Amino acid sequence: MNRRDIKKAHEQSVLRSFKRYLEGSGRSLEILDYPDPPDAIVVLDGSPCWIEITDAFIGADFARSLTTFAADDVEYIPAGRGMTVNPDENFAEEVVAVVEKKYAKASITDIYEASGAGILLVGLYSPFVFEREITQIVKVLAAVRQQHDGRFSEMYVYNAVHDFFLVP
């Protein structure tokens, strides 16, 4: 499977998990299309909406290692050796950076202006992320949301097993 197909399969898996999560809380989500961008056009609780997915990794080496391991169209690049210093702080900064990129992305601005607010799902990919770190990241992202327009009516972070956490 090539990297593009892996990305698509990953996004669709996240969307299916998100749908189950919402249904577990009495909400409904119907996935209509995968235009990219956004990653999905949906009907959320009876209203049209869109969803964008982004992922934050502990570092570029870790991200490359994960994505090249599964792809058959590129050579596997193992993560480098070394020590990780201040993993919680460094990862929180990376999460904020990927969210800020979504706020700054022209195609997301165009979608927001044409279709209204959407949902942002942020994957947390770090071996150092547990409940305490997720709680802190949610607080940090809540502050980021307050500094921006309402292009994301809802924001969630999720972990590697697709547990979702609302960012207020």
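The values are calculated or read from the model by the stated rules, or taken from the named source; none is laboratory data. This is a predicted model, so every value here is computed, not measured. Quick reminder, even Gly has a Cβ in these numbers, built from the backbone with ideal geometry, and neighbours come from all protein chains shown. Heads up: the accessible areas ignore ligands, DNA and RNA and are worked out on the full protein's heavy atoms, side chains in. Shrake-Rupley method; radii C 1.70, N 1.55, O 1.52, S 1.80 Å.
Points worth noting:
- Whole-Hz Karplus values for segment 120-137 come out as 10, 10, 10, x, 10, 10, 8, x, 9, 9, 10, 4, 4, 5, 5, 4, 5, 5 Hz, taken residue by residue from phi with 6.51 cos²θ - 1.76 cosθ + 1.60 and θ = phi - 60°; glycine and proline positions read x.
- Rounded to whole numbers, the Karplus 3J(HN,Hα) couplings from phi for segment 24-33 are x, 10, x, 9, 10, 9, 10, 8, 9, 7 Hz, using 6.51 cos²θ - 1.76 cosθ + 1.60 with θ = phi - 60°, and x at Gly and Pro.
- Estimated FRET transfer efficiency (residue 45, residue 128; beta-carbon r; R0 25 Å; 0.05): 0.10
- Applying both filters, DSSP loop and at most 15 other Cβ atoms within 10 Å, to the chymotrypsin sites (Phe, Trp or Tyr not before Pro) of segment 85-134 gives 128, 130.
- What the phi angles of segment 43-58 give under the Karplus curve with 6.51, -1.76 and 1.60, with θ = phi - 60°, is a coupling list of 10, 10, 6, x, 10, x, 7, 9, 10, 10, 10, 9, 10, 10, 10, 4 Hz, glycine and proline written as x.
- Accessible-area rank, largest first, for 1, 155: 1, 155, with all protein chains present and a 1.4 angstrom probe.
- Accessible area of residue 39 (1.4 Å probe, protein heavy atoms only, ligands and nucleic acids ignored): about 0 Å².
- Residue 42 long-range amide H proximity, modeled H, under 5 Å: 32, 49, 50, 51
- Between the residues 134, 147, 115, the greatest Cα displacement towards the positive end of the dipole of segment 104-150, with unit charges on the Cβ of Lys, Arg, Asp and Glu, is found for 134.
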